[in-house]
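Every number in this text was worked out from the coordinates using simple rules, so none of it is lab data. What you see is a predicted model; the values in this text were computed from it and never measured. Note that each Cβ is placed from the backbone with ideal geometry, even for glycine, and that neighbours are counted across all protein chains shown.
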Amino acid sequence: MIIKGKVWKYGDNVNTDVIFPGKYTYTITEPEEMAKHALEDLDSNFTKEVKKGDVIVAGRNFGCGSSREQAATCLKYAGVGAIVAKSFARIFFRNSINQGLLVIQCKEAVENISSDEIITIDFEKGKLSCKKGIFNFPPLSESVLGILNDGGLIPHTRRILGIK
């Protein structure tokens, strides 16, 4: 699985309330509608300009805060192809995998990637290529790749169980 996209770069501690504003938590339930509000309090241009396959690059503790699943959902449906961060909040990381949103931790890459550049990520080989070089990260496990390739945990489970 290879992702190539434009970088949207943010700092440390981008929390779930910034990713998907809490004021919409109980009023918006459709993923496509959630996507229209992704990062609106952090970057007003994001939902207007994000393209399918773009990559969020961030500092430490991306997705901290409440455990709301909408944070991962809104980014996936906005078209984000992957998130690369120095570190992730544990629950956000798991929610992202469950939604089929690719997430990798690679501190060295984050420190060498600039906003708006185009990067390429090969998840099976564990390589990220940017203007300043190629950075390695642990390749994803077969089970995680299966979940991601199937579009999330629910479709993956249905496929394994033969449920349509």
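Quick notes on this one:
- Close amide H pairs (under 5 Å, H built 1.01 Å from N) link residue 82 with 56, residues at least 5 positions away or on another chain.
- Each of the peptides 47-53, 68-74 was scored by the mean count of other Cβ atoms within 10 Å over its residues; in descending order, highest first, they stand as 68-74, 47-53.
- Amide H partners (placed H, <5 Å) of residue 59, local residues excluded: 10, 11, 12, 86
- Which listed pairs, of 6/164; 9/164; 9/125, have C-alpha distances above 32 Å, in listed order: 6/164; 9/164
- Net charge of neighbours whose Cβ lies under 14 Å from the Cβ of residue 144, counting Lys and Arg as +1 and Asp and Glu as -1: -2
- Two-decimal log10 I(q)/I(0) for segment 2-138, as the Debye equation yields it once each C-alpha is a single scatterer, q = 0.18, 0.20 Å⁻¹: -0.92, -1.15
- Rounded to the nearest whole Hz, the Karplus-based 3J(HN,Hα) values (6.51 cos²θ - 1.76 cosθ + 1.60, θ = phi - 60°) of segment 109-117 follow the sequence 5, 4, 5, 10, 9, 9, 4, 6, 6, with x at glycine and proline.
- Beta bridges per DSSP, both residues in the chain: antiparallel share near 50 percent.
- Distance in nm between pseudo-label sites at residue 36 and residue 164 (7 Å out along the Cβ direction from Cα): 3.3
- Gain upon complete extension [residue 12, residue 144; 0.36 nm per residue less C-alpha separation]: 45.0 nm
- 13 Å Cα-Cα reach of residue 76 towards aspartates and glutamates, excluding residues that sit fewer than 8 places from it in its own chain: 30, 32, 33, 54
- As a rough guide to protection, the peptides 99-106, 142-149 ranked by mean Cβ packing within 10 Å, highest first, stand as 99-106, 142-149.
- If the segment from residue 157 to residue 125 were pulled out straight at 0.36 nm per residue, it would be longer than the present Cα-Cα gap by 9.1 nm.
- Cross-link reach is defined here as a Cα-Cα straight distance under 15 Å, omitting same-chain residues fewer than 8 places apart; for residue 86 the aspartates and glutamates meeting it are 12, 108, 111.
- Estimated FRET transfer efficiency when R0 is 22 angstrom, pair residue 117-residue 1 (beta carbons, to 0.05): 0.60
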